[in-house]
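Colleague: For reference, the structure I am asking about is given below.
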Amino acid sequence: MSAPIAVITGASSGIGAATARQLAAAGYRVVLTARRKDRIEALAAEITEAGHQATAYALDVTDRAAVDEFAIAFRSLAVLVNNAGGALGLDPVATGDPEDWRRMYDVNVLGTLHMTQALLPALTASGDGTVVVLSSTAGHATYEGGAGYVAAKNGARVLAETLRLEIVGTPVRVIEIAPGLVKTEEFATTRFGGDTERAAKVYDGVAAPLTADDVADTITWACTRPPHVNIDLLVVRPRAQASNTKLHREL
């Protein structure tokens with residue numbers, strides 16, 4: 001029997017790359033998508049050299065025509081991991097950049113919508129499909145300066161909840177993974193426009209924030225549960241984080 005196929009968006013770094021490695025090790029043939037072709041091709045080569053199956057496909061999830069073209073290749077699909085997303089800025093509502101808000105909505109919400117709509121027929125045809133939506137604890141509680149990102153992640157959360165209601169009775173489950181503070185090589189740096197010093201301060205004094213591998217482990221675990229088991233929502237935070245606004249720092 002051929003290996004089940006898993007598509008991962010935003011697979012060029014961080015949680016997406018870690019998820020690709022772990023799903024491949026779990027026996028999936030992973031299809032890596034992201035805008036940075038060189039990064040996903042290098043990751044696909046790494047996974048293949050490790051004895052697993054991987055393919056890279058350069059894709060911008062906000063480009064619906066490109067997503068539809070990508071989806072043509074799949075008659076059957078086991079897993080879709082909607083990981084592409086990100087935060088931009090930490091400004092209050094009064095001075096937030098509308099363009100940043102639009103970009104966050106485009107990737108976090110519309111990107112997830114495009115991929116899910118385009119691949120849902122293949123997920124259904126598999127007889128045992130899984131849609132994973134990477135939201136955030138930001139989608140469940142707000143914090144000062146986070147309104148744009150919180151709004152986008154709320155959109156992703158509601159998309160997952162509504163889809164689950166609408167497709168109940170079909171052979172597709174919908175899983176939402178909501179991570180808290182995760183230290184990756186790019187998330188905070190991207191949020192602060194490349195300001196690495198400001199990005200580093202996000203994690204100052206936090207002894208052990210989550211890693212990309214920690215989150216990938218939860219995704220892989222949820223995807224490999226028996227078909228009748230649906231992990232509707234999995235919230236994962238580091239022990240040092242009690243809420244979005246309560247974080248223990250050892251300073």
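The values are calculated or read from the model by the stated rules, or taken from the named source; none is laboratory data. Treat the numbers as computed from the prediction; the structure is a model and nothing was measured. Note that we place each Cβ from the backbone using ideal geometry, even for glycine, and neighbour counts take in every protein chain shown. Accessible surface areas use protein heavy atoms only, side chains included; no ligands, DNA or RNA. Shrake-Rupley method; radii C 1.70, N 1.55, O 1.52, S 1.80 Å.
Colleague: Considering region 70-119 alone, what residues qualify as being under 17 Å from A138 (Cβ atoms), of a type in the set (A, V, I, L, M, F, W, C) and open to solvent by 30 Å² or more (accessible area, probe 1.4 Å)?
Modeller: Once the filter is applied, which keeps residues that are under 17 Å from A138 (Cβ atoms), of a type in the set (A, V, I, L, M, F, W, C) and open to solvent by 30 Å² or more (accessible area, probe 1.4 Å), region 70-119 yields L88, L90, V93, W101, V107.
Colleague: Within region 200-216, is even one residue in contact with a Pro (Cβ under 6 Å, 6 or more places away or on another chain), among the charged types (D, E, K, R) and either within 24 Å of G96 (Cα to Cα) or surrounded by 12 or more Cβ atoms within 10 Å (Cβ to Cβ) (or both)?
Modeller: The answer is no; no qualifying residue exists.
Colleague: Quickly run through region 1-17 and pick out the residues that are farther than 18 Å from R35 by Cβ and surrounded by fewer than 24 Cβ atoms within 10 Å (Cβ to Cβ).
Modeller: M1, S2, A3, P4, I5 - these are the residues of region 1-17 that are farther than 18 Å from R35 by Cβ and surrounded by fewer than 24 Cβ atoms within 10 Å (Cβ to Cβ).
Colleague: Can you pull out the residues in region 28-44 that are open to solvent by 40 Å² or more (accessible area, probe 1.4 Å) and either under 14 Å from the mean Cα position of the chain (by Cα) or not charged (D, E, K, R) (or both)? Write out each step before concluding.
Modeller: Taking region 28-44 and keeping what is open to solvent by 40 Å² or more (accessible area, probe 1.4 Å), we get 29, 35-39, 41-42.
A42, the sole residue that qualifies.
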